[in-house]
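Note sheet for the following structure.
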Amino acid sequence: MDCIFCKIIAGEIPTEILYQDKEIIAFRDIKPLAPVHLLIVPRKHIPSLDQMEESDAALVGRMVVIANKLAKDEGVDQKGYRLAINCGAEGGQLVPHLHMHLLGGRKLSDRLS
Ligand code: AMP
């Protein structure tokens with residue numbers, strides 16, 4: 001499959017994996033927008049948030065749980081951080097494989113634009 005995150009998950013693109021279990025992996029964004037910028041990614045190829053099924057609800061919930069744990073590991077939990085999922089072209093999604101951004105380590109914009 002021609003999906004960059006599927007290639008990372010398959011080990012075809014060497015990446016430092018910060019967290020992994022049978023459903024989810026996490027690694028650093030290649031173009032960080034903040035001192036801490038991680039991506040939390042399900043192994044299952046869900047092309048975008050709007051294509052998740054109701055049966056994926058627990059998986060997406062676990063992505064949040066893992067993001068919170070990683071925020072602690074990265075030392076941004078006390079000062080605060082942001083979780084974001086971009087969906088579709090106007091939502092700013094570039095990689096068509098569901099992923100959650102964890103951003104922290106600096107004061108983030110009050111705006112979500
Ligand atoms: P989005 O715009 O929500 O689809 O975000 C995709 C993110 O994936 C961007 O922030 C990219 O910098 C990041 N990205 C693309 N390729 C890689 C890669 N090989 N390793 C890590 N992050 C990547």
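Using a simple spin-label model with pseudo-atoms 7 Å out from Cα toward Cβ, GLN20 and ALA89 lie 3.4 nm apart.
Straight Cα distances below 20 angstrom link LYS79 to the aspartates and glutamates ASP110, with same-chain residues fewer than 8 positions distant left out.
Treat every Asp and Glu Cβ in segment 4-104 as -1 and every Lys and Arg Cβ as +1, leave all other atoms uncharged, and give the resulting dipole magnitude about the Cα centre to the nearest 20 debye. Numbers along the way, then the final one.
Working: 11 positive and 13 negative charges, 55 e Å.
Around 260 debye, computed over segment 4-104.
Whole angstrom only: what separates the Cα centroid of segment 10-49 from the Cα centroid of segment 68-95? The two parts, judged by their Cα centres, are 11 Å apart. In the chain, a dipole from Cβ-located charges (positive for Lys and Arg, negative for Asp and Glu) runs towards its positive end, and of ALA34, SER113, GLN93 it is ALA34 whose Cα lies farthest in that direction.
Would you mind telling me the share, in percent, of accessible area of the chain contributed by carbon and sulfur at probe 1.4 angstrom? Carbon with sulfur: 54 percent of the solvent-accessible area. A protection proxy built from the mean count of other Cβ atoms within 10 Å ranks the segments 16-27, 54-65, most packed first, as 16-27, 54-65. Peptides 97-104, 30-37 ranked from most to least packed by the mean count of surrounding Cβ atoms within 10 Å: 97-104, 30-37.
For the chain, what is the calculated [θ] at 222 nm in deg cm²/dmol (nearest 500), taking -39500 (n - 2.57) for each run of four or more DSSP H residues and dividing by its residue count?
On the way: 2 runs with 23 residues, N = 113.
Taking each H run of at least 4 residues, the total per residue is -6000 deg cm²/dmol.
Within the chain, the cysteines lacking any other cysteine Cβ closer than 4.7 Å to their own Cβ are CYS87.
Per residue, the solvent-accessible area of segment 4-104 (1.4 Å probe, heavy atoms of protein chains only, all protein chains present) comes to 57 Å². Across segment 73-86, computed HN-Hα scalar couplings (Karplus, 6.51 cos²θ - 1.76 cosθ + 1.60, θ = phi - 60°) run 4, 8, x, 10, 5, 6, 7, x, 7, 10, 10, 9, 10, 7 Hz from first to last residue, x flagging Gly and Pro. A crude spin-label estimate for the pair GLU54 and ILE30, with each label 7 Å from Cα along the Cβ direction, gives 3.8 nm. Size descriptors for the chain (Cα atoms only): Rg and Dmax, in that order, 13.6, 39 Å. Taking amide H as placed 1.01 Å from N in the peptide plane, ASP29 has its amide H under 5 Å from the amide H of HIS37, LEU38, LEU39, each at least 5 places away in sequence or on another chain. For ILE24, the residues 5 or more places off, or on other chains, whose built amide H falls under 5 Å of its own are ARG43.
Along segment 45-58 the Karplus relation, 6.51 cos²θ - 1.76 cosθ + 1.60 evaluated at θ = phi - 60°, assigns HN-Hα couplings of 7, 9, x, 7, 4, 6, 9, 5, 9, 4, 6, 8, 4, 5 Hz to successive residues, with x for each Gly and Pro.
The values are calculated or read from the model by the stated rules, or taken from the named source; none is laboratory data. Only a predicted model underlies this, so the values are computations on that prediction, with no experimental measurement involved. Every residue, glycine among them, receives a Cβ derived from its backbone with ideal geometry; neighbour counts consider all protein chains shown. Keep in mind that these areas ignore ligands, DNA and RNA; they rest on the heavy atoms of the full protein, side chains included. Shrake-Rupley method; radii C 1.70, N 1.55, O 1.52, S 1.80 Å.
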